[in-house]
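Q: First, the structure itself, so that you have it in front of you.
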Amino acid sequence: MVSRLVLILGDQLSPGVSALQAADKSSDLVVMAEVMDEASYVRHHPKKIAFLFAAMRKFARVLEADGWRVAYTRLDDPENAQSIPAELLRRAEAEGAQEVLATEPGEWRLIEALSDLPIPVHQHPDDRFICSHAEFDRWAEGRKSLRMEYFYREMRRKTGLLMDGDEPAGGKWNFDHDNRKPAQDDLFRQGPLKFDPDETVEEVLTLVEQRFPDNFGALRPFWFATDADQAERAFEHFMEHALPCFGDYQDAMLEGDRFLCHAVIAPYLNAGLLDPLDICRRAEAAYRSGHAPLNAVEGFIRQIIGWREYVRGIYFREGPDYPRRNALNHQRKLPALYWGAETRMNCLAHAVAQTRDDAYAHHIQRLMVTGNFALLAGISPTELHEWYLSVYADAYEWVEAPNTVGMSQFADGGIIASKPYVSSGNYISKMSDYCRGCHYAVTKKTGDGACPFNLLYWYFLNRHRDRFQGNPRMAQMYRTWDRMDAKKREVILAEADAFLDRMSKGETV
Ligand code: FAD
Ligand code: DLZ
Ligand code: SF4
């Protein structure tokens, strides 16, 4: 007789996860399930599904080797009830279990579904994160604005990372100013460590091929790490080869180098194959030993104990409606080019092709190419949110929604971003080599072949004048617009309108 079920979700693959800590090997049964509800609540990229299923299967074996009894349901098991709540009920009935131990899921949808089960489910806090919900709320309480930078300093103090006594290492909290260099094509950058599929992965690839043949994205070649040992090797590889240049090229984009000096570890961190605090401590050691400079290590640590913890805090503080917010009332449908339809905009073509091939794009591609374009074009943030949630191997709502709805689309009305992340083609031209191979001319502001980002930038500012003209960080942009010849302003707005019309009619733009 089993006393309790212990639920382990696909992104809870850590041996120390709180539900396991609260459980008893001798009498409790671990439940893991590949289910259609999770695999299809958005149309996930096939690589994301394969990554999680393979990692889940391997983690179940790790638990068994450690003495746990595991009831694992495969997707094609004829008994599979195909949702997490239904699988829990099925197992509870079969085993006579009366209670479930769970680690709080990273999505309101599942938290609510577990709360609604007819048997008691104890949802233990997910203590793989550095900041608890209560701690974040205490930090946020009474503040007029919730800027990441101040939260990050608290996390530095709390963890002691890059601290020399009470002072930040190097005398400054943030070295972002040094991290805006464009990159040159460089044959010596190695990119992430890639793994050949083993037997477990091959089995899963065949399953995903059969069951999700029409999902957007290439399943093969598949090279993600799918267990903790491999993820560990991928992180070591990053530390050795890319951490030293992480800061310098953080904002750069190159046609011929999809990864630059990024870590490509978010899928592993978010699924629980890597521990955030552990990797930050090791990155700090790389700085202290002289292997990597401070601007790189501080930048890397800030992304993890700063941004990653901060967006999670916002997601849980703001509540279940957060992903549906639409402060700017943007309603345009997501154009087909996001699903790989032809586009003449080279920056978007590259960001989307890379997303299709690798279920990955780095931060600046997400923020300043696909995100920037959607914001300028007035695309529905809800549709865009569903796109980001589907197409990236690292996407779960707790981290994706604040980045998309808040940081990228300003659809939360400015909780995360103090001003919208919009730019004309000039920014993309400065930080990438995309414009060189583009049908459009980034230097052209109007007329045939003018870069659409240039037109849409002014279109956006003009459209949202009431909201943004009083923002001191945007005043200069409005002054420039106002000084422009009235006829030119008219032409820009008319051309932007015509462009959006053509795009919405499904023409290639
Ligand atoms: P690196 O650039 O090497 O950074 C190292 C690590 O820092 C990342 O692995 C990640 O864990 C963390 N990190 C960096 N930036 C952020 C951030 N803004 N928020 C949270 N963590 C961060 N990240 C996700 O993990 N899942 C998502 O679904 C996701 N959706 C995004 C959607 C949009 C519109 C934008 C603008 C950003 C999104 N991000 C998301 C944040 C960031 O783009 C990715 O974490 C990063 O690109 C992952 O690649 P990497 O591992 O090479 O990161
Ligand atoms: C993303 C995902 C997918 C594709 N499939 C499963 C699954 O079959 N079983 C499972 O336990 N988890 C899966 N996940 C991860 C969950 O969707 C994730 O736990 C929630 O979104 C909360 O973050
Ligand atoms: Fe993108 Fe404009 Fe540059 Fe083309 S010219 S790559 S559309 S920014």
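Q: Looking at region 426-437, which of the residues that are in contact (Cβ under 8 Å) with a residue 40 or more places away in the chain and small (Gly, Ala, Ser) is least open to solvent (accessible area, probe 1.4 Å)?
A: Ser432
Q: Just need a number here: residues in region 406-421 that are free of Cβ contacts under 8 Å to residues at least 60 places away in the same chain and open to solvent by 10 Å² or more (accessible area, probe 1.4 Å).
A: 2
Q: In this structure, is Phe246 out of contact with any helix residue (DSSP H, G or I) (no Cβ under 7 Å at 6 or more places or on another chain), among the aromatic types (Phe, Trp, Tyr) and under 30 Å from Asn346 (Cα atoms)? So that I can check it myself, show each step before the final result.
A: Working: out of contact with any helix residue (DSSP H, G or I) (no Cβ under 7 Å at 6 or more places or on another chain): no; among the aromatic types (Phe, Trp, Tyr): yes; under 30 Å from Asn346 (Cα atoms): yes.
The answer is no for Phe246.
Q: Let me ask something additional. Looking at region 496-509, which of the residues that are outside any loop (DSSP other than H, G, I, E, B) and not acidic (Asp, Glu) is surrounded by the most Cβ atoms within 10 Å (Cβ to Cβ)? I'd like the intermediate steps shown before the answer.
A: Keep residues of region 496-509 that are outside any loop (DSSP other than H, G, I, E, B), which gives 496-504.
So of that shortlist, the ones also not acidic (Asp, Glu) come out as 496, 498-500, 502-504.
Numbers: Ala496: 24, Ala498: 11, Phe499: 18, Leu500: 21, Arg502: 12, Met503: 20, Ser504: 14.
Restricting to residues being outside any loop (DSSP other than H, G, I, E, B) and not acidic (Asp, Glu), the top hit is Ala496.
Q: Also: Among the residues of region 78-89, is any surrounded by fewer than 16 Cβ atoms within 10 Å (Cβ to Cβ) and more than 22 Å from Ala23 (Cβ to Cβ)? Walk me through how you get there before you give the answer.
A: Taking region 78-89 as the starting set, the residues that turn out to be surrounded by fewer than 16 Cβ atoms within 10 Å (Cβ to Cβ) are 78-79.
From what's left, more than 22 Å from Ala23 (Cβ to Cβ): 78-79.
Looking through region 78-89, at least one residue is surrounded by fewer than 16 Cβ atoms within 10 Å (Cβ to Cβ) and more than 22 Å from Ala23 (Cβ to Cβ).
Q: Ok, one more. Of the residues in region 209-245, how many are of a type outside the set (Asp, Glu) and part of a helix (DSSP H, G or I)? Walk me through it before giving the result.
A: First, the residues of region 209-245 that are of a type outside the set (Asp, Glu): 210-213, 215-226, 228, 230-231, 233-235, 237-239, 241-245.
From what's left, part of a helix (DSSP H, G or I): 210-211, 228, 230-231, 233-235, 237-239, 241, 243-245.
Count: 15.
Q: Just the residues that are closer than 16 Å to His362 by Cβ and within 22 Å of the chain's Cα centre (by Cα), please, taken from region 189-207. Explain how you work it out, then say what you get.
A: Here is the first cut: in region 189-207, the ones closer than 16 Å to His362 by Cβ are 189-192.
Gly191, Pro192 - these are the residues of region 189-207 that are closer than 16 Å to His362 by Cβ and within 22 Å of the chain's Cα centre (by Cα).
Q: Every residue in region 269-297 that is closer than 19 Å to Arg156 by Cβ, more than 12 Å from ligand 1 (Cβ to nearest atom) and not charged (D, E, K, R), please.
A: Leu277, Ala285, Ala286, Tyr287, Ala292, Pro293, Leu294, Asn295
Q: Could you tell me how many of the residues in region 463-495 are under 30 Å from Ala341 (Cα atoms), assigned to a helix (DSSP H, G or I) and under 30 Å from the mean Cα position of the chain (by Cα)?
A: 1
The values are calculated or read from the model by the stated rules, or taken from the named source; none is laboratory data. These figures come from a predicted structure and were not determined experimentally. Heads up, the Cβs are rebuilt from the backbone with ideal geometry, glycines too, and the neighbour counts pull from every protein chain shown. To get the accessible areas, we keep the full protein, side chains included, count just its heavy atoms, and leave off ligands, DNA and RNA. Shrake-Rupley method; radii C 1.70, N 1.55, O 1.52, S 1.80 Å.
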